[in-house]
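Q: Starting off with a structure, shown below.
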Amino acid sequence: MENKTSAYDHKKIEKKWQKKWEADGIYKSKDKSKKPKYYCLIEFPFLSGEGLHVGHVRSYTAMDIIARKRRMEGFNVLYPIGYDAFGLPIENFAIKTGRPPALIVKDTAATFRRQLKDNGLSFDWDREVNTSDPEYYKWTQWIFLQLLKNGLAYKKKMPINWCLSCKIGLANEEVIDSRCERCGSETDKREKEQWMLAITKYADRLDKDLDLMDYLPKIKTQQRNWIGKSEGAEIVFNIKGSDESIKVFTTRPDTIFGATYLVLAPDHPLIREFLISNFQFSNKSEVEKYAIEAKKRTEIERTAEGKEKTGVELEGVKAINPANQKEIPIYVADYVLAHYGTGAIMAVPAHDERDFEFANKYNLPNIEVVKEGKMIASGKFDGLTSEEAKSKITEFVGGQMKTTFKLRDWVFSRQRYWGEPIPVILCDTCGIVPLAEKDLPLKLPKVENYKPTETGESPLAAVTKWVNVKCPTCKGSAKRETDTMPNWAGSSWYFLRYIDPKNKKAFADKNKLEYWTPVDWYNGGMEHTTLHLLYSRFWHKFLYDIGAVPTVEPYQKRTSHGLILADGGEKMSKSKGNVINPDSIVSTLGADTLRVYEMFMGPFSEAIAWNPDGVVGSRRFLERVWRAFSKVSADKKLENEDISILLNQTIKKVGEDIEEMKFNTAISALMILLNEFEKHEVIPKSYYEIYLILLAPFAPHIAEELWIMLGNKKSIHLSLWPKYKLEHKKDGKIKIVIQINSKLRDFVEVMAGMEDEALKTIVLERPIVKKWLAGQPVEKMFIVKDKLVNIVS
RNA sequence: GCCGCGGUGGCGGAAUGGUAGACGCAAUAGACUCAAAAUCUAUCGGGGGCAACCUCGUGAGAGUUCAAGUCUCUCCCGCGGCACCA
């Protein structure tokens with residue numbers, strides 16, 4: 001008996017089910033539940049006006065699959081969504097069109113919302129957040145005030161990119177080869193007072209606590225390298241005939257006998273001091289010129305190995321190597337960075353690649369002091385291992401062992417309009433006066449012009465009504481801070497707001513935080529590993545320290561997805577015209593096809609190019625699932641051993657692959673089972689139902705439609721995830737691979753679990769084995785139980 | 001340059017140190033059709049052979065091992081990040 005079905009038409013079913021699911025609220029998370037909680041998180045989309053990218057669909061579908069599986073496993077799942085709504089693209093669009101950014105955000109968010117819904121993602125839409133909403137950024141500002149109160153926010157002069165022609169500050173992205181992206185003229189660096197956050201105070205904990213977390217190893221490694229903890233020594237070198245001295249940081253104090261010169265960073269404070277003081281050296285103007293030129297180059301240019309090293313000697317000045325009292329020259333060179341260590345190094349050409357290059361160019365001596373791990377040419381330390389020598393030599397020269405980090409404090413100011421205003425008042429008498437918490441949110445005022453100003457200040461500086469205020473402390477006239485916060489601010493804590501998005505009294509209720517934190521699984525891009533991920537861990541740790549959140553870390557588990565590239569392997573971009581719009585796939589082939597294709601197209605963690613031909617394969621797969629329905633029969637007698645074994649293996653495989661985010665092989669397993677179904681005249685209903693449940697997280701609409709067509713009343717998405725049992729064939733036979741001298745030569749079927757000796761006898765009797773051995777004596781036989789025999793002759 | 005990741009058929013890829021190429025796309029041949037599309041069947045890494053089968057083959061080179069796509073080292077190429085795009 002064939003069941004009568006029409007052809008698979010995604011247009012008839014996808015919208016229908018999306019509406020029904022939303023009306024029934026089946027994806028809503030409950031703040032109180034007897035079920036265990038599970039918090040799934042994806043990086044919320046950054047609003048840019050280009051709409052949803054197929055890359056968003058990739059990572060959101062992946063986490064959607066996990067969220068759906070967790071619900072079927074009996075968890076109370078939180079899978080929320082929101083918008084990262086401040087930032088440059090919206091601001092630039094506002095400058096171009098004159099439309100208020102808030103309105104642009106409203107439209108853009110509406111498009112994203114519609115697109116996300118079209119994909120059948122199981123978000124809890126009641127918890128949507130938007131970082132540019134004053135009710136949201138009120139709490140971003142609140143967190144800033146807590147940071148300020150606790151001494152973690154401070155102001156410091158920092159260089160910013162400056163376009164000499166536009167007279168505005170530029171983001172790094174807007175500077176291309178030292179030229180302004182807008183007008184093409186030269187850029188420079190300019191010192192500007194900036195708000196800083198002291199993330200370095202958390203460096204050690206951010207490093208150590210990675211041990212507690214379930215992050216992919218490559219993510220931990222990259223964070224650790226970014227934090228860059230290193231043990232070394234600070235050693236003072238005196239300057240001959242002067243009270244001045246230079247403190248260097250080195251990770252290799254053992255090599256000090258090979259230190260043949262010192263290097264100061266061009267922006268080292270001592271340089272400026274030397275230049276203005278009456279400290280005597282003969283080429284002051286040359287040094288000054290070098291320091292100014294160095295400012296124009298980026299750090300990547302400056303420190304690149306292979307690129308020619310440059311530097312200028314401070315002529316007539318010598319430092320004394322404290323190990324051997326030798327006089328050595330001092331250079332200023334841009335391969336040394338002011339903000340790392342002490343901004344000065346002792347150079348050991350024999351044991352450092354970059355020092356070696358520099359020494360070669362300037363004909364500086366090269367003295368080898370470590371050979372095969374042992375000290376040489378190092379006076380009384382000769383013969384010690386390099387490790388032993390580190391602390392002994394440091395002590396001998398009066399240095400101090402010291403831990404340093406590569407991590408730098410976070411530049412938190414932007415001279416831009418479209419960001420959270422920094423809630424402080426600057427008073428000539430009282431200094432920095434934080435706004436009272438009751439005055440939050442400090443809303444962005446309406447402005448005429450969204451462009452940064454020619455003084456380098458944010459457009460807010462031009463809104464005199466807003467800027468000029470009375471000092472809350474002394475009541476004298478004062479000004480508001482006009483810098484705004486970077487996007488990283490709002491995105492550093494958004495996952496906490498999802499927990500209680502409408503709370504007016506706190507960023508989230510304590511009990512709700514207690515229930516939902518930490519995030520159980522956070523997936524995002526590798527490109528966010530060192531900035532967003534680290535910044536939000538820092539904020540969370542701070543909030544923990546002030547008792548505002550109950551967990552030390554925000555995210556229990558972190559995984560990452562690969563980018564989706566355009567057909568030829570290039571990045572998708574509007575200007576190249578190679579962008580795939582998910583809308584067009586959803587309307588022509590359906591959301592289920594798009595979801596299945598993106599999960600099947602390749603390994604989730606790796607970058608992959610879009611293949612327009614590949615999409616149809618996923619559509620064909622779903623059509624075959626649809627057609628299989630017509631062969632379903634409820635007759636129990638049809639259940640069959642071969643299919644049953646494969647079905648159970650598939651349940652296991654799909655479940656395990658989802659956990660490891662190996663979605664491509666999970667779908668492949670579903671295809672293999674479908675191929676098996678198709679070989680039979682009828683498909684037992686019980687098998688087909690399990691099949692639909694396994695498919696449901698990937699293709700929720702078609703699975704639901706077929707499920708209801710089978711006569712089920714409740715949504716498939718409220719089903720339980722199936723259990724499997726691993727069965728063997730009733731005759732218990734297994735195929736064993738036979739290798740002779742590691743080459744595949746034969747197979748044999750034997751009973752599973754056969755003893756080695758019995759197997760050896762059987763194998764050696766095989767005619768093919770005898771032929772290949774050709775009378776040669778058997779030296780050894782390697783046996784992998786129930787799998788393989790390798791005969792070595 | 002530094003840090004991280006990757007390189008397997010025509011293409012996307014699969015493979016707890018144990019049968020390389022699962023699954024899918026494209027292609028070729030056939031069936032169905034007046035025809036086409038769709039669908040179904042078969043073939044599908046290179047070389048040799050009527051065939052059984054043999055042989056070479058996972059970016060290049062070396063090494064460890066009974067056994068290497070997988071582990072180690074060197075090199076080449078591609079991608080992500082490098083702190084104001086987010």
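Q: Sorted by mean Cβ packing within 10 Å, highest first, what order do the peptides A:356-363, A:659-666 take? Write out the running numbers ahead of the final one.
A: Working: A:356-363: 15.5, A:659-666: 18.6.
Final packing ranking: A:659-666, A:356-363.
Q: For chain A, what % of the accessible area comes from carbon and sulfur atoms, probe 1.4 Å?
A: Answer for chain A: carbon and sulfur cover 52 percent of the accessible area.
Q: Sort A:Ser536, A:Ser230, A:Ser742 by accessible area with a 1.4 Å probe, largest first.
A: Ranking A:Ser536, A:Ser230, A:Ser742 by accessible area, largest first, yields A:Ser742, A:Ser230, A:Ser536.
Q: Please list, in order, the residues from the range A:607-624 whose amide nitrogen is less than 18 Å from a point placed 7 Å along the Cα→Cβ vector of A:Asp9.
A: Taking a point 7 Å out along Cα→Cβ of A:Asp9, the residues of the range A:607-624 whose backbone N falls under 18 Å are A:623-624.
Q: Students often get this wrong, so check it: of A:Lys32/A:Lys201; A:Lys229/A:Lys574; A:Lys218/A:Lys402, which have C-alpha atoms separated by over 30 Å?
A: Going by Cα-Cα distance, A:Lys32/A:Lys201; A:Lys229/A:Lys574 fall outside the 30 Å limit.
Q: Using only Cα atoms and rounding to the nearest 10 degrees, what angle (0 to 90) does helix A:591-600 make with the longest principal axis of chain A?
A: 70 degrees
Q: Compute the FRET efficiency between A:Asn324 and A:Lys371 as 1/(1 + (r/R0)^6), taking r as their Cβ-Cβ distance and R0 = 22 Å, and round to the nearest 0.05.
A: Numbers: r = 18 Å, r/R0 = 0.82.
The formula returns an efficiency of 0.75 here.
Q: Still on this structure, please answer the following. Using a basic spin-label model with each label point 7 Å from the Cα along Cα→Cβ, how many nm lie between A:Leu164 and A:Asp126?
A: 6.0 nm
Q: Treating cross-link reach as a plain straight distance, find the aspartates and glutamates whose alpha-carbon is under 16 Å from the alpha-carbon of A:Lys785, omitting any fewer than eight places away in the same chain.
A: Cα-Cα hits under 16 Å: A:Glu749, A:Glu755, A:Asp756, A:Glu757.
Q: Explain nothing, just compute: Karplus ³J(HN,Hα) = 6.51 cos²θ - 1.76 cosθ + 1.60, θ = phi - 60°, for every residue of the range A:170-186 in order, whole Hz, x for Gly and Pro.
A: For the range A:170-186, the Karplus-derived couplings read 10, 6, 3, 5, 8, 10, 10, 6, 6, 10, 6, 5, 6, 10, x, 8, 5 Hz, x marking Gly and Pro.
Q: Just to verify a number: what accessible area does A:Ser793 come out at with the full protein assembly present, 1.4 Å probe, Å² rounded to tens?
A: Answer for A:Ser793: close to 40 Å² accessible.
Q: In what sequence, largest accessible area first, do A:Arg71, A:Arg127 appear using a 1.4 Å probe?
A: Largest accessible area first, the residues go A:Arg71, A:Arg127.
Q: From largest accessible area down, sort A:Glu727, A:Glu681, A:Glu22; use a 1.4 Å probe on the protein chains.
A: Largest accessible area first, the list is A:Glu681, A:Glu22, A:Glu727.
Q: I need the calculated FRET efficiency for the pair A:Phe747 and A:Lys725, taking r as the beta carbon distance and R₀ as 35 Å, to the nearest 0.05.
A: Using R0 = 35 Å, I get an efficiency of 0.80.
Q: Right, next: For chain A, what is the accessible area per residue in Å² when the probe is 1.4 Å?
A: Value returned for chain A: 46 Å² of accessible area per residue.
Q: Here's a follow-up. When the Cα centres of the range A:543-566 and the range A:110-142 are compared, how far apart do they sit, in Å?
A: Between the Cα centre of the range A:543-566 and that of the range A:110-142, the gap is 18 Å.
Q: I want to check the label-to-label distance for A:Ile432 and A:Glu173. Put each point 7 Å from Cα in the C-beta direction and report it in nm to one decimal.
A: 2.7 nm
Q: Now for a separate question. What distance in nm separates the two pseudo spin-label positions at A:Asp107 and A:Ala607, each 7 Å out from Cα along the beta-carbon direction?
A: For the pair A:Asp107/A:Ala607, the computed spacing is 3.3 nm.
Q: Normalised by the residues of chain A, what does the relative contact order come to in percent, with Cα pairs under 8 Å and at least six apart?
A: 15 percent
Q: Ok, one more. By how many nm would the segment from A:Lys713 to A:Thr455 lengthen if fully extended, with 0.36 nm per residue of separation less the alpha-carbon distance?
A: 86.2 nm
Q: Taking a cut-off of 20 Å between Cα atoms, list the aspartates and glutamates near A:Lys156, but don't count ones fewer than 8 places away on the same chain.
A: A:Asp188, A:Glu191, A:Glu193, A:Asp267, A:Glu273, A:Glu299, A:Asp409, A:Glu420, A:Asp428, A:Glu457, A:Glu481, A:Asp483
Q: Among A:97-103, A:232-238, A:538-544, what's the highest-first ranking by average C-beta atoms within 10 angstrom per residue?
A: Values: A:97-103: 14.6, A:232-238: 19.7, A:538-544: 22.3.
The packing order, highest mean first, is A:538-544, A:232-238, A:97-103.
Q: Evaluate E = 1/(1 + (r/R0)^6) for A:Glu641 and A:Glu191, where r is the Cβ-Cβ distance and R0 equals 51 Å; express this FRET efficiency to the nearest 0.05.
A: With R0 = 51 Å, the Cβ-Cβ based efficiency is 0.05.
Q: Oh, and also: Counting alpha carbon pairs within less than 8 Å and at least 6 residues apart, what relative contact order, in whole percent, applies to the range A:519-629? Don't jump to the answer; show the numbers that get you there.
A: Numbers: 112 pairs, mean separation 28.2, N = 111.
Reported relative contact order: 25 percent.
Q: Report the antiparallel proportion of the DSSP beta bridges in chain A as a percent, rounded to a multiple of 5.
A: 70 percent
Q: Which value, in Å² rounded to 10, gives the accessible area of A:Arg297 with a 1.4 Å probe and all protein chains present?
A: Here the accessible area works out near 70 Å².
Q: Right, another one. Would you mind checking the pairs A:Lys37/A:Lys541; A:Lys35/A:Lys512; A:Lys636/A:Lys733; A:Lys443/A:Lys470; A:Lys192/A:Lys295; A:Lys138/A:Lys446 and listing those with alpha carbons more than 20 angstrom apart? Working shown, then result.
A: Numbers: A:Lys37/A:Lys541 22 Å; A:Lys35/A:Lys512 15 Å; A:Lys636/A:Lys733 26 Å; A:Lys443/A:Lys470 17 Å; A:Lys192/A:Lys295 14 Å; A:Lys138/A:Lys446 17 Å.
Pairs exceeding the cut-off: A:Lys37/A:Lys541; A:Lys636/A:Lys733.
Q: Counting Lys and Arg as +1 and Asp and Glu as -1, each charge on the Cβ, what is the dipole of chain A about the Cα centre in debye, to the nearest 20?
A: With Lys and Arg at +1 and Asp and Glu at -1, about 2260 debye.
Q: I've got another one for you. In square angstrom, rounded to the nearest 10, how much accessible surface does A:Lys296 have for a 1.4 Å probe?
A: For A:Lys296, solvent-accessible area is about 70 Å².
Q: Also: Report the extension gain between A:Lys406 and A:Glu244 in nm, rounded to one decimal, defined as 0.36 nm multiplied by the number of residues separating them, less their alpha carbon distance. List each step's numbers first, then the result.
A: Details: separation 162, 0.36 × 162 = 58.32 nm, distance 2.66 nm.
The span from A:Lys406 to A:Glu244 would gain 55.7 nm if fully extended.
Q: Figure the gain on full extension for A:Thr473 and A:Thr251 (residue separation times 0.36 nm, minus the Cα-Cα span) and round it to one decimal in nm.
A: Fully extending the segment from A:Thr473 to A:Thr251 adds 75.1 nm.
Q: Follow-up question, since we're still on this one. Are any of the pairs A:Lys20/A:Lys714; A:Lys28/A:Lys557; A:Lys374/A:Lys406; A:Lys149/A:Lys438; A:Lys760/A:Lys780; A:Lys69/A:Lys662 more than 18 Å apart by Cα-Cα distance, and if so, which?
A: Values: A:Lys20/A:Lys714 12 Å; A:Lys28/A:Lys557 22 Å; A:Lys374/A:Lys406 28 Å; A:Lys149/A:Lys438 15 Å; A:Lys760/A:Lys780 11 Å; A:Lys69/A:Lys662 14 Å.
From A:Lys20/A:Lys714; A:Lys28/A:Lys557; A:Lys374/A:Lys406; A:Lys149/A:Lys438; A:Lys760/A:Lys780; A:Lys69/A:Lys662, over 18 Å: A:Lys28/A:Lys557; A:Lys374/A:Lys406.
Q: How many angstrom lie between the Cα centre of the range A:668-685 and the Cα centre of the range A:494-510?
A: The two parts, judged by their Cα centres, are 47 Å apart.
Q: Next question. What is the local net charge at A:Pro554, summed over the other residues whose Cβ is closer than 10 Å to its Cβ (Lys, Arg +1; Asp, Glu -1)?
A: +2
Q: Could you size up the charge dipole of the range A:28-99 around its Cα centre, putting +1 on the beta carbon of Lys and Arg and -1 on that of Asp and Glu, and report it in debye to the nearest 20?
A: Working: 13 positive and 7 negative charges, 130 e Å.
Roughly 620 debye, rounded to the nearest 20.
Q: Let me ask you something else. Return the sequence-ordered ³J(HN,Hα) values of the range A:544-551 in whole Hz as given by the Karplus equation 6.51 cos²θ - 1.76 cosθ + 1.60 applied to θ = phi - 60°, using x for Gly and Pro.
A: Calculated HN-Hα couplings, in order: 5, 4, 8, x, 8, 9, x, 10 Hz.
The values are calculated or read from the model by the stated rules, or taken from the named source; none is laboratory data. The shown structure was predicted, so the numbers you read here are calculated from the model rather than taken from an experiment. Here Cβ is always computed from backbone atoms with ideal geometry, including for glycine, and neighbour counts include all displayed protein chains. To get the accessible areas, we keep the full protein, side chains included, count just its heavy atoms, and leave off ligands, DNA and RNA. Shrake-Rupley method; radii C 1.70, N 1.55, O 1.52, S 1.80 Å.
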